[in-house]
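Trainee: Shown below is the structure under consideration.
Taken together, the values in this text are just the output of simple stated rules run on the coordinates, not laboratory data. Values in this document were obtained by computation on a predicted structure and should not be read as measured data. FYI the Cβ positions are ideal-geometry reconstructions off the backbone, even for glycines, and counts take in every protein chain you see.
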Amino acid sequence: MSSTPPRLPRQWPPPRSSRGATAAAGHEPVAAAEEDAVAEAEAELSAAMAGAGPGAAPEGPGETEATPGDEELTKLAAERDDYLDRLRRLQAEFENYKKRIVKQQLEQRERAAEDLVTQLLPVLDTFDLALAHGAVGLDPVHRSMLDVLGGVGLERLDPAGQTFDPNEHDAVQHEADDGGREPEVLEVLRAGYRWKGRVLRPAMVKVKG
């Protein structure tokens with residue numbers, strides 16, 4: 001017969017020291033992982049603070065750097081303002097040009113009308129001479145011409161009995177006067193005319209005084 005060694009009785013629960021050792025051994029991998037994570041976070045924070053520098057500050061809302069898109073918009077806005085300025089100057093020059101052309105056209109018409117009236121003055125003189133010599137039937141035609149020309153700016157100068165005015169009268173005959181009075185128009189030898197307020201032809205007169 002084989003002899004079997006006697007089985008020692010197992011102690012339960014195990015001694016406190018054994019349980020603590022077992023628990024500590026089971027939690028060692030977890031504690032090591034937590035320590036590694038904390039160390040990694042501290043390293044990242046230190047690197048971030050070192051890169052920012054001691055005087056670095058967060059950028060404000062108005063301190064952002066200009067991007068290529070902003071520079072292009074600024075350039076386009078400058079070109080737009082330049083084109084608008086050129087357009088305004090061109091428009092102002094065109095308006096001045098139109099005013100100048102209108103003024104020149106009016107002056108040309110005035111000169112043309114004045115030339116026509118000047119050419120008609122001898123015709124009016126002929127009417128005056130014919131009527132002075134007793135021609136019959138010409139007076140209505142003469143008055144009609146004077147009315148038409150008067151409507152466009154012609155004014156007849158017939159200064160008989162008025163004080164002599166060298167600006168409007170041309171004295172071709174002179175009669176002495178012992179009274180010392182101002183020169184006076186005795187007779188109109190040829191009528192004078194104004195054209196729109198300006199003397200077109202002075203009246204040819206005989207003066208006394």
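Trainee: Within segment 159-202, how many residues are charged (D, E, K, R), exposed (fewer than 14 other Cβ atoms within 10 Å of the Cβ) and part of a loop (DSSP other than H, G, I, E, B)?
Mentor: Matching residues across segment 159-202 total 4.
Trainee: Please verify whether residue 143 is surrounded by 10 or more Cβ atoms within 10 Å (Cβ to Cβ), under 49 Å from the mean Cα position of the chain (by Cα) and either part of a loop (DSSP other than H, G, I, E, B) or not aromatic (Phe, Trp, Tyr) (or both), treating the condition exactly as stated. Reasoning before the result, please.
Mentor: Working: surrounded by 10 or more Cβ atoms within 10 Å (Cβ to Cβ): yes; under 49 Å from the mean Cα position of the chain (by Cα): no; either part of a loop (DSSP other than H, G, I, E, B) or not aromatic (Phe, Trp, Tyr) (or both): yes.
No, not satisfied.
Trainee: So, in segment 152-190, of the ones that are more than 22 Å from residue 124 (Cα to Cα) and of a type in the set (Asp, Glu), which residue ends up nearest to the chain's Cα centre (by Cα)?
Mentor: Among residues in segment 152-190 that are more than 22 Å from residue 124 (Cα to Cα) and of a type in the set (Asp, Glu), the one nearest to the chain's Cα centre (by Cα) is 165.
Trainee: Here are the criteria: (1) surrounded by 13 or more Cβ atoms within 10 Å (Cβ to Cβ); (2) under 48 Å from the mean Cα position of the chain (by Cα); (3) without any contact (Cβ under 8 Å) to a residue 12 or more places away in the chain. Tell me which single one residue 149 does not satisfy.
Mentor: Exception for residue 149: condition (3).
Trainee: Quick one: would you say residue 130 is aliphatic (A, V, I, L, M), in a helix (DSSP H, G or I) and surrounded by 11 or more Cβ atoms within 10 Å (Cβ to Cβ)? Give the derivation first.
Mentor: Values: aliphatic (A, V, I, L, M): yes; in a helix (DSSP H, G or I): yes; surrounded by 11 or more Cβ atoms within 10 Å (Cβ to Cβ): yes.
So residue 130 fits the description; yes.
Here is a yes/no grid of residues against (1) without any contact (Cβ under 8 Å) to a residue 24 or more places away in the chain; (2) small (Gly, Ala, Ser):
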site	(1), (2)
153	no, yes
159	no, no
162	yes, no
179	no, yes
185	no, no
193	no, no
200	no, no
207	no, no
